[in-house]
Amino acid sequence: MYAVAGRVKDEDIALVRDRTSIADVIGETVTLRSAGGGNLKGLCPFHDEKSPSFNVAPARGVYYCFGCGQGGDAIKFLMDAEHLSFIESVERLAGKAGIQLRYDTDGAAPAGPRPQAGQRQRLIAAHASAVEFYRDQLGSPGARKAREFLAERGFGREAAEKYGCGFAPDSWDALSKHLRLQGFTADELITAGLSKTARSGSLIDRFRRRLLWPIRDLSGDVIGFGARKLFDDDDGPKYLNTPETPIYKKSHVLYGIDHAKREIAKRGRAVIVEGYTDVMACHEAGEPTAVATCGTAFGVDHIGVLRRLLMDSDSFTGEIIYTFDGDAAGQKAALRAFEEDQRFVGRTFIAVSPDDMDPCELRLARGDLAVRDMIAGREPLVDFALRHTISRFDLDTVEGRVEAMRRAAPLVAKIKDREKRPEYARKLAGDLGMDLEPVQRAVNNALRGSDAAEQRAPRPAAHSPQRLVERDALKLALQEPVLAGPMFDAVGPENYGDPVLRAVREAIDAAGGAGSAVSGVVWIEKVRTACADLTGQIAVGELAVEPLLIDGVPDPNYVQVTLAKLQLPRVTQVIRDLKSKLQRLNPVTSKDQYLALAGELFSLEQQARALREQAAGGM
């Protein structure tokens, strides 16, 4: 559960929720595919998983992950995915929906001016202004070297504008002064990584006399810059990037992801290159799935970003293509990539450019087709890793072959796809000139332990039939309150055997009952807020997106059948208890009590008979 919105009017928050497409918001980060019944599914952005358990219900404006329990509406998603406050998330969505938010004041005075936006919005706004400033500077006389750099690599004015390239002028504080005049504070500029404090204590620009590329997040907001050295007398590094900030985390950032995300999802592949101009070259050459890291090696967090776009899972095979120079450093990077590769379920390849050229150099020398051909000529990364590993040994000697086998066997064992391991063991034996048996034994030795641990992993128990009915009744109240309405409200919490589900049922009463609600995220959030049990709050999110037990569209008859099945076990238990009590009573000495209980039993048996008939209506 999250905090209230502060000064934003409640009706405006409701309007934001109503006009926001949760599928569009989440689709900026996660590739979603149909899960049936109008729901969507994808790989959870909040935990690492192999099969998609992240469910989105667009009709109700909510999401829930059955793997980690994260759930909520579009506002909550932005809060968790982008580390925004509640009001920052509301303002972000309101801006996209074209909604002018109104704000309450503490007193009775009329609503005042819009309060200052949250920190993230301020930092994003500062970067947006910086992009415009640097872009304007690229056309200045002092930026001739920057324009020549781009031209020499095959990029003219149109490409520079497309990718937002800019130039940091030969000035210590031109940008800082420009942004201060726009109302940004010194603390904000330092926090954003755009400025820093000089020894004298004054504010100076972080980037100076450099060609700049704006770095954007998945939503397209600029969160940092990459800066390339142009002048020989610049004693800084060749590339200088924005430092770690509240909005820029280099281990998560991929340059070009804003341009590439839709094509990555559409084509089912991503091409990993090493530099900004390589991304530009691939995109201009007709390979719009290229992305690059920014000042750090390709790692686990980058893999997580791409897996969610590719929906790389046991049932869907995404494709990752690494491009590395053919030199020693490139080969080392490729082998390091193989170590992380097994986090991908999908197929992973390496494309090595001819003559050790990077994609940008290849495009200049041989044209767009050569870049596409390089990527098309990729080879499986495991083949490259094995070939590179055994090439370091003298296979003409027994010692060399045995040592190569010892080094290569663990690589085969790391292959995620079990079906491929025997084939690669055979291939390795053939490449080494050895019998299959010792090679297979070495692979099995490397595998020993990990597979056993996987087999020992406990599996969650399935819900009992009655718990499934209890869950289905609550799903009707949360997902179809107009349909369930008074019928649902008439069946009290005492019919729920699971204490967590009973807490959810009590929360529905506390929220006004299903009969008073209309479907949608506002109703679901109202129930979640009313639930005093933390586990119950999580269950609300889960039940809001979990499919009903019916294949088609639910109708009043389905509600009646479900509620009959829900009540029958409790009524049956009460009947047993009454019969037991009657058997212990003397009908002569306790005649009045006996007759009262007998009348109650008769009534309950009639009720049980009616419930069984209603429940049978669903057969």
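The values are calculated or read from the model by the stated rules, or taken from the named source; none is laboratory data. For clarity, every value in this text was computed on a predicted model and none was experimentally measured. In this analysis, Cβ positions are derived from the backbone assuming ideal geometry, glycine residues included, and neighbour counts consider all displayed protein chains.
Check whether at least one residue in region 250-266 is of a type outside the set (A, V, I, L, M, F, W, C), in contact with a helix residue (DSSP H, G or I) (Cβ under 8 Å, 6 or more places away or on another chain) and over 28 Å from Arg122 (Cβ atoms), and report yes or no.
Of region 250-266, the ones of a type outside the set (A, V, I, L, M, F, W, C) are 250-252, 255-256, 258-259, 261-263, 266.
From the residues that got through so far, the ones that are in contact with a helix residue (DSSP H, G or I) (Cβ under 8 Å, 6 or more places away or on another chain) too are 251-252, 255-256, 259, 261.
Now narrow it down to the ones that are over 28 Å from Arg122 (Cβ atoms): none.
Checked region 250-266: no residue is of a type outside the set (A, V, I, L, M, F, W, C), in contact with a helix residue (DSSP H, G or I) (Cβ under 8 Å, 6 or more places away or on another chain) and over 28 Å from Arg122 (Cβ atoms).
Quick grid of which residues meet (1) charged (D, E, K, R); (2) closer than 25 Å to Leu212 by Cβ:
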residue: Gly256; (1), (2): no, yes
residue: Lys266; (1), (2): yes, no
residue: Val271; (1), (2): no, yes
residue: Ala292; (1), (2): no, yes
residue: Asp301; (1), (2): yes, yes
residue: Glu319; (1), (2): yes, no
Please specify each residue of region 161-216 satisfying the condition of being buried (at least 21 other Cβ atoms within 10 Å of the Cβ), among the aliphatic types (A, V, I, L, M) and in a helix (DSSP H, G or I). Leu175, Leu179, Leu189, Ala192
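So, in region 137-151, how many residues would count as being in contact (Cβ under 8 Å) with a residue 24 or more places away in the chain, assigned to a helix (DSSP H, G or I), out of contact with any helix residue (DSSP H, G or I) (no Cβ under 8 Å at 6 or more places or on another chain) and not aliphatic (A, V, I, L, M)? Lay out the reasoning, then the answer.
To start, the set of residues in region 137-151 that are in contact (Cβ under 8 Å) with a residue 24 or more places away in the chain comprises 137-138, 140, 142-143, 145-146, 149-150.
Now narrow it down to the ones that are assigned to a helix (DSSP H, G or I): 137, 142-143, 145-146, 149-150.
Those left that are additionally out of contact with any helix residue (DSSP H, G or I) (no Cβ under 8 Å at 6 or more places or on another chain): 142, 145-146, 149.
Still in the running and not aliphatic (A, V, I, L, M): 142, 145, 149.
Going through region 137-151 one residue at a time, the tally reaches 3.
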Could you tell me whether any residue of region 509-524 is loosely packed, with under 15 Cβ neighbours inside 10 Å, farther than 20 Å from Phe77 by Cα and of a type outside the set (Gly, Ala, Ser)? yes
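For region 128-156, how many residues meet the condition of being farther than 21 Å from Asp170 by Cα and among the basic types (Lys, Arg)?
Of the residues in region 128-156, the ones farther than 21 Å from Asp170 by Cα are 152-156.
Filter once more, keeping what is among the basic types (Lys, Arg): 153.
Looking only at that region, the number is 1.
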Total residues in region 567-581, condition surrounded by fewer than 16 Cβ atoms within 10 Å (Cβ to Cβ) and more than 16 Å from Pro493 (Cα to Cα): 6
Those residues of region 58-80 that are of a type in the set (A, V, I, L, M) and buried (at least 24 other Cβ atoms within 10 Å of the Cβ) come to a total of 4
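For region 194-227: of the residues being of a type in the set (Gly, Ala, Ser) and under 34 Å from the mean Cα position of the chain (by Cα), which is farthest from Leu138 (Cα to Cα)?
That would be Ser219.
Just to be sure I understand, how many residues within region 398-423 are under 23 Å from Arg347 (Cβ atoms) and assigned to a helix (DSSP H, G or I)?
Applying the first criterion (under 23 Å from Arg347 (Cβ atoms)) to region 398-423 yields 408-423.
Narrowing further to those that are assigned to a helix (DSSP H, G or I): 408-413, 418-423.
Summing the residues that are under 23 Å from Arg347 (Cβ atoms) and assigned to a helix (DSSP H, G or I) in region 398-423 gives 12.
Where in region 520-598 are the helices (runs of 4 or more DSSP H), entirely inside, with at least 3 residues that are free of Cβ contacts under 8 Å to residues at least 40 places away in the same chain and of a type in the set (Gly, Ala, Ser)? If you could, list the steps in order and put the result at the bottom.
Numbers: elements: 521-530, 534-545, 556-584.
No helices (runs of 4 or more DSSP H) qualify here.
Being loosely packed, with under 12 Cβ neighbours inside 10 Å and either on the phi > 0 side of the Ramachandran plot or under 33 Å from the mean Cα position of the chain (by Cα) (or both) is the requirement here; does Ala376 meet it? So that I can check it myself, show each step before the final result.
On the way: loosely packed, with under 12 Cβ neighbours inside 10 Å: yes; either on the phi > 0 side of the Ramachandran plot or under 33 Å from the mean Cα position of the chain (by Cα) (or both): yes.
Here the answer is yes, as Ala376 does meet what is asked.
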Consider region 62-87. How many of its residues are under 24 Å from Lys9 (Cα atoms), of a type in the set (A, V, I, L, M, F, W, C) and either at pLDDT 85 or above or in a strand (DSSP E or B) (or both)? 5
Within the bounds of region 308-316, is there any residue that is within 26 Å of Glu361 (Cα to Cα) and either at pLDDT 80 or above or hydrophobic (A, V, I, L, M, F, W, C) (or both)? no
Taking region 455-486 and keeping only residues that are among the small types (Gly, Ala, Ser), in a helix (DSSP H, G or I) and either surrounded by fewer than 19 Cβ atoms within 10 Å (Cβ to Cβ) or at pLDDT below 85 (or both), one is left with Gly485
Is it the case that some residue within region 233-242 is crowded, with 19+ Cβ neighbours inside 10 Å, touching a helix residue (DSSP H, G or I) at 6+ places or on another chain (Cβ under 9 Å) and touching a residue at least 60 places away in the same chain (Cβ under 8 Å)? no
Give the residues of region 362-397 that are in a helix (DSSP H, G or I) and either modelled with pLDDT under 90 or basic (Lys, Arg) (or both), sorted by residue number. Arg363, Arg366, Arg372, Leu381, Val382, Asp383, Phe384, Ala385, Leu386, Arg387, His388, Thr389
Of all residues in region 390-413, which are surrounded by 18 or more Cβ atoms within 10 Å (Cβ to Cβ) and either within 42 Å of the chain's Cα centre (by Cα) or among the hydroxyl-bearing types (Ser, Thr, Tyr) (or both)? Ile390, Ala404, Met405, Ala408, Ala409, Leu411, Val412, Ala413
For region 500-519, give me the residue count where each residue is in a helix (DSSP H, G or I), over 23 Å from Leu611 (Cβ atoms) and either in contact with a strand residue (DSSP E or B) (Cβ under 8 Å, 6 or more places away or on another chain) or hydrophobic (A, V, I, L, M, F, W, C) (or both). 4
